[in-house]
1. Between 19, 101, 79, where does the largest GNM mean-square fluctuation fall for the chain, given springs only between Cα atoms within less than 10 Å?
2. Defining a contact as two alpha carbons under 8 Å apart and six or more residues distant in sequence, what relative contact order in percent does the chain show?
3. Expressed in nm to one decimal, what extension gain is obtained for the pair residue 20 and residue 4 from 0.36 nm per residue of sequence separation less their Cα-Cα distance?
4. Could you tell me the calculated FRET efficiency between residue 28 and residue 81, based on Cβ-Cβ distance and R0 = 41 angstrom, to the nearest 0.05?
5. So what is the 222 nm mean residue ellipticity for the chain from helices alone, if each DSSP H run of at least 4 adds -39500 (n - 2.57) and you divide by all residues, rounding to the nearest 500 deg cm²/dmol?
6. Given a 1.4 angstrom probe, I'd like the percentage of the accessible area of the chain that is carbon and sulfur, rounded to a whole number.
7. Roughly how many Å² of residue 61 are accessible to a 1.4 Å probe, to the nearest 10?
8. Between (1) 31; (2) 60; (3) 19, which matches percent of Cα pairs over 26 Å apart calculated for the structure shown?
Amino acid sequence: MATAIIEMDDVLFARIQQAAGENFSEWVSKACRSRLLADGVRDAVVWERAHPVEAARERVEEAVRSLESEAEQEIRYQAEDAARRRGGDQAEPTAEEIAEAERRVRALFERAERRLREREEGGGA
């Protein structure tokens with residue numbers, strides 16, 4: 001762990017000591033991390049405003065990755081649930097159970113996509 005010597009106003013130092021109590025170093029570390037995070041978010045917002053097309057593309061790509069991950073988790077959950085119903089807690093899903101889970105999840109995504117398109121075509125209603 002690194003040690004640093006910093007200079008600050010006496011009044012500020014006293015306020016930090018009072019707020020931090022016995023955890024002065026931890027309090028200062030959290031405050032610094034918070035500031036760095038806020039600066040990073042601000043920089044990202046500035047970049048997105050300057051590059052709206054690229055930012056939109058990145059958001060879409062992230063949404064796709066997230067949906068694909070959720071779909072895989074849902075398929076795994078449904079297949080494992082089918083296996084448990086068939087053979088108890090230790091049963092492994094069969095290829096048929098996995099395939100059926102994939103069909104159900106794919107149908108859910110297709111239905112959601114249709115509804116989204118209908119809303120877009122209907123003006124967001």
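The values are calculated or read from the model by the stated rules, or taken from the named source; none is laboratory data. It should be emphasised that the depicted structure is a prediction, and the values quoted were computed from it without experimental measurement. We place every Cβ from the backbone using ideal geometry, glycine too, and count neighbours over all the protein chains shown. Surface accessibility is based on the protein's heavy atoms, side chains included, excluding ligands, DNA and RNA. Shrake-Rupley method; radii C 1.70, N 1.55, O 1.52, S 1.80 Å.
1. Greatest mean-square fluctuation among the candidates belongs to 19.
2. 12 percent
3. Details: separation 16, 0.36 × 16 = 5.76 nm, distance 1.73 nm.
That pair, residue 20 and residue 4, stretches by 4.0 nm at full extension.
4. Numbers: r = 48 Å, r/R0 = 1.18.
Efficiency, from the Cβ-Cβ distance: 0.25.
5. Values: 4 runs with 101 residues, N = 125.
That calculation yields -28500 deg cm²/dmol at 222 nm.
6. Details: 5640 of 10790 Å².
Heavy-atom surface of the chain belonging to carbon and sulfur, 1.4 Å probe: 52 percent.
7. Using a 1.4 Å probe on the heavy atoms, I get roughly 90 Å².
8. (2)
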